[in-house]
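Report on the following structure.
The values are calculated or read from the model by the stated rules, or taken from the named source; none is laboratory data. These numbers come from a predicted model, not from an experiment. Every residue, glycine among them, receives a Cβ derived from its backbone with ideal geometry; neighbour counts consider all protein chains shown. The accessibility values were calculated without ligands, DNA or RNA, using every heavy atom of the protein model including side chains. Shrake-Rupley method; radii C 1.70, N 1.55, O 1.52, S 1.80 Å.
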Amino acid sequence: MSRVWNFSAGPAALPQAVLERAQSEMLDWNGSGASVMEQSHRGKRFIQMAAQAEATLRELIGIPADYAVLFLQGGATQQFAQIPMNLAGEGDSADYIVSGHWSAKAVSEAAPYVRANVAASGAADDYLKLPARDTWRLDPHAAYVHYTPNETIHGVEFHDIPEVGAVPLVADMSSNILSEPLDITRFGLVYAGAQKNIGPSGLVVMVIRRDLLQRAGRPMARIFRYAEQAANDSMLNTPNTWGWYVAGLTFQWLQAQGGLAVMAERNQAKAGLLYRTIDSSGGYYRNPIEPSARSRMNVRFTLHDSALDAAFLEESEAAGLLALKGHKALGGMRASLYNAVPPEAVDALVAFMQDFAQRHG
Ligand code: PMP
């Protein structure tokens with residue numbers, strides 16, 4: 001059994017070095033004689049590891065002291081609801097930019113807690129391009145503006161941070177966090193489910209400007225309140241200890257790679273190669289997204305004849321290329337190229353695609 005090149009959209013590939021480190025520490029973590037999963041989150045060892053993970057993340061991104069970092073549970077989907085609970089008061093509205101499946105879901109999950117106003121939408125364009133900034137109808141009194149910088153299913157990505165004035169900008173970065181340098185000061189709140197660029201599922205990493213913790217929000221249990229989590233180092237109850245630990249290892253790995261600027265260069269090169277291969281295939285492969293909105297993380301493509309899809313998937317898997325099937329809502333193929341997918345994986349994919357096109361011309 002050998003490792004394959006893994007293009008899964010999420011849960012997704014983790015850096016091999018992270019998995020090997022976790023494996024080597026599985027039975028005896030940090031000289032404790034037990035795995036990290038088998039120890040109290042109140043113990044000195046865990047608290048130290050948790051603080052170190054946060055410190056490494058702060059260093060990687062450059063997160064200033066007026067932002068809190070939270071390690072939460074419930075997935076990004078739970079945050080779709082928890083964000084309005086925390087940031088919007090009774091009767092408030094919030095603006096949502098809808099650019100694909102996940103930002104649309106953010107609206108529907110927020111609706112019980114806030115007047116969720118769709119300020120712009122790419123639905124009429126089938127989400128093949130981003131709604132142009134000058135068409136956004138933003139309300140200067142909105143509690144926040146929510147958008148999804150990278151749409152994992154539709155394969156569209158914002159390559160600039162939108163200017164939204166004084167209203168706090170909230171971003172679901174589940175599928176592109178840590179893929180490039182991030183100017184966190186442009187945001188009120190950034191959150192990400194861990195299972196793409198950070199670690200195992202069941203963990204959400206959130207960076208929130210501390211003044212937003214003062215908002216009363218809606219009546220809710222303590223467990224949902226960001227201010228309570230921040231005041232308790234995200235340990236109001238038992239956190240996802242394993243997820244936190246693996247996230248810490250990933251942050252260290254990113255540092256060892258040279259940081260986010262290095263990852264950005266690598267990610268740009270990987271996606272560039274794949275898009276060039278698609279665009280130069282004479283229509284054999286096709287990516288429908290407007291070039292300026294193409295995602296570096298999730299590359300969609302179709303074959304010129306969908307009758308070849310089954311053969312493509314079967315042969316690619318046999319060639320050691322895992323999880324290229326597109327999302328069921330859109331069909332076709334999708335290659336996810338997160339940080340842990342090395343350039344060699346994309347080289348192998350591109351070689352396979354060219355060979356397949358020749359053999360099935
Ligand atoms: N937002 C985005 C951009 C996603 O890609 C996903 C998951 N693929 C989610 C939200 C939902 O995440 P979760 O399953 O952790 O709730």
Checklist entry - Would you pick out the residues in region 128-160 that are within 16 Å of the ligand (Cβ to nearest atom) and of a type in the set (Val, Ile, Thr)? => result Thr148, Thr152, Ile153, Val156
Checklist entry - When the residues of region 1-18 are filtered to those that are in a loop (DSSP other than H, G, I, E, B) and of a type in the set (A, V, I, L, M), which remaining residue is modelled with the lowest pLDDT? => result Met1
Item to check | Residues within region 21-78 that are assigned to a loop (DSSP other than H, G, I, E, B), of a type outside the set (Ser, Thr, Tyr) and away from the ligand (no atom under 16 Å from the Cβ), tallied | outcome: 18
Next on the checklist: Restricting to region 145-172, name every residue that is surrounded by fewer than 24 Cβ atoms within 10 Å (Cβ to Cβ) and either assigned to a loop (DSSP other than H, G, I, E, B) or among the basic types (Lys, Arg) (or both).
Outcome noted: Ile153, Phe158, His159, Asp160, Ile161, Pro162, Glu163, Val164, Gly165, Ala166, Val167, Pro168
Checklist outcome for this item: So, first residue among the polar types (S, T, N, Q) in region 199-221, second residue crowded, with 17+ Cβ neighbours inside 10 Å, Cβ within less than 6 Å, six or more apart or across chains; the pairs are Ser201/Gln195
Next on the checklist: Restricting to region 19-66, name every residue that is open to solvent by 70 Å² or more (accessible area, probe 1.4 Å) and either modelled with pLDDT under 95 or on the phi > 0 side of the Ramachandran plot (or both).
Outcome noted: Asn30
Next on the checklist: Quick check on region 86-106: of everything there that is closer than 28 Å to Ala247 by Cβ and open to solvent by 20 Å² or more (accessible area, probe 1.4 Å), which residue is farthest from the ligand (Cβ to nearest atom)?
Outcome noted: Ala104
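If a residue must be surrounded by 13 or more Cβ atoms within 10 Å (Cβ to Cβ) and either among the polar types (S, T, N, Q) or without any contact (Cβ under 8 Å) to a residue 24 or more places away in the chain (or both), how many such residues does region 131-144 contain?
0
Do you know which of the residues in region 189-246 that are among the basic types (Lys, Arg) and assigned to a helix (DSSP H, G or I) is nearest to Ile177 (Cα to Cα)?
By that ranking, first place goes to Arg210.
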Item to check | Of all residues in region 194-237 being among the basic types (Lys, Arg) and more than 19 Å from Tyr144 (Cβ to Cβ), the one that is most open to solvent (accessible area, probe 1.4 Å) | outcome: Arg222
Checklist entry - Looking only at region 173-188, which residues are outside any helix (DSSP H, G or I), more than 15 Å from the ligand (Cβ to nearest atom) and open to solvent by 10 Å² or more (accessible area, probe 1.4 Å)? => result Glu180, Pro181, Leu182, Asp183
Next on the checklist: Can you say whether Gly75 is open to solvent by 10 Å² or more (accessible area, probe 1.4 Å), more than 11 Å from Ala143 (Cβ to Cβ) and not hydroxyl-bearing (Ser, Thr, Tyr), as far as the supplied structure shows?
Outcome noted: yes
Item to check | Subset of region 112-130 [open to solvent by 20 Å² or more (accessible area, probe 1.4 Å) and within 15 Å of Ala142 (Cβ to Cβ)] | outcome: Tyr113, Arg115, Ala116, Asn117, Val118
